[in-house]
1. Mind sorting 153, 63 by how few other Cβ atoms lie within 10 Å of their own Cβ, fewest first?
2. Any chance you could get the radius of gyration and Dmax over the Cα atoms of region 229-302, in Å?
3. Please report Rg (one decimal) and Dmax (integer) in Å for the Cα set of region 8-136.
4. Roughly how tilted is helix 82-95, in degrees to the nearest 10 and between 0 and 90, from the longest Cα axis of the chain?
5. Give me the angle, in degrees from 0 to 90, between the Cα long axis of helix 172-183 and the longest principal axis of the Cα atoms of the chain, rounded to the nearest 10.
6. Translational D (Stokes-Einstein, µm²/s) of region 126-184 at 37 °C and 0.692 mPa s when Rh comes from the Kirkwood sum over C-alpha pairs?
7. To test your reading of the geometry: what angle, between 0 and 90 degrees and rounded to tens, separates the Cα axis of helix 226-237 from the longest principal axis of the chain?
8. Enumerate the whole-percent occupancy of each 5 Å bin, from 0 to the last occupied one, for all C-alpha pair distances of region 1-72.
């Protein structure tokens, strides 16, 4: 049985971390929020996954923009400025003596409710802001090994149902797809859009390489991931042909290479989809390897 695309090296220090709740630090065992919190009752909130790399928060401006844009779309007042929130994250890392190899989950919900009810007007507190910073180093996956995917029957929906561009706490469709992938014995689910074209994965973004071209979805039915966008921009900057376009599973099965992207592990090779081997897995893929190198260089420049 596979264990997903976010495999990490266990670190005993995480048992003693301090967690920031609304500006106050609590030991992990004492970190609690109300059962009336909007996030717990309804999944009403937005979040970001952020990496601390060599003492710096990677691509933090992009993360803050996405967080605050999402909150604005939900008519949610975070209650602090982006600058103050970044400072709070850094203070949390400092309190935990963290400098590198750290993954941060920043979560903001609408706040506490007077009663379990969806109406935002039932909220009686300011937004709840939780920062969990953990020592978390991804397990290195060789390109020849890669990860495996299974195409889920669960589709990415239209924006008038639940806008997939919003990074909200409400992820039930992705969880359904993840469960299906786990039951199939693979690492992650590949998800299609309502028209049958490839959209994204349940927790990462998906790319294929055909010849000297890099393809990814139009982005109409997926979150505009930070790493996804950075890879697209890297391709453009280094004269690598890149296309955001509709393509089908037939295109995927015939691809020379495939990979997923995410804040946690960067760029990871995909070697099998729906039981089919992708490309030549006996050697390290050259274009993917080049993109991985360019991405590492980009992080180092932050």
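1. Working: 153 10, 63 24.
Fewest-to-most ranking of 153, 63: 153, 63.
2. 13.0, 38
3. Gyration radius and largest Cα-Cα distance of region 8-136: 14.8, 44 Å.
4. Compared with the principal axis, the helix lies near 90 degrees.
5. So the inclination is approximately 50 degrees.
6. Numbers: Rh = 15.0 Å.
Diffusion coefficient, whole number: 219 µm²/s.
7. 40 degrees
8. P(r) for region 1-72, in whole percents per bin: 3, 11, 12, 19, 24, 21, 9, 1, 0.
Every read-out reported here was derived from the displayed coordinates using simple, explicitly stated rules and does not represent laboratory data. Note that the coordinates shown come from a computational prediction; the quantities given were computed from them, not determined experimentally. All Cβ positions, glycine included, derive from the backbone under ideal geometry; neighbour counts span all protein chains shown.
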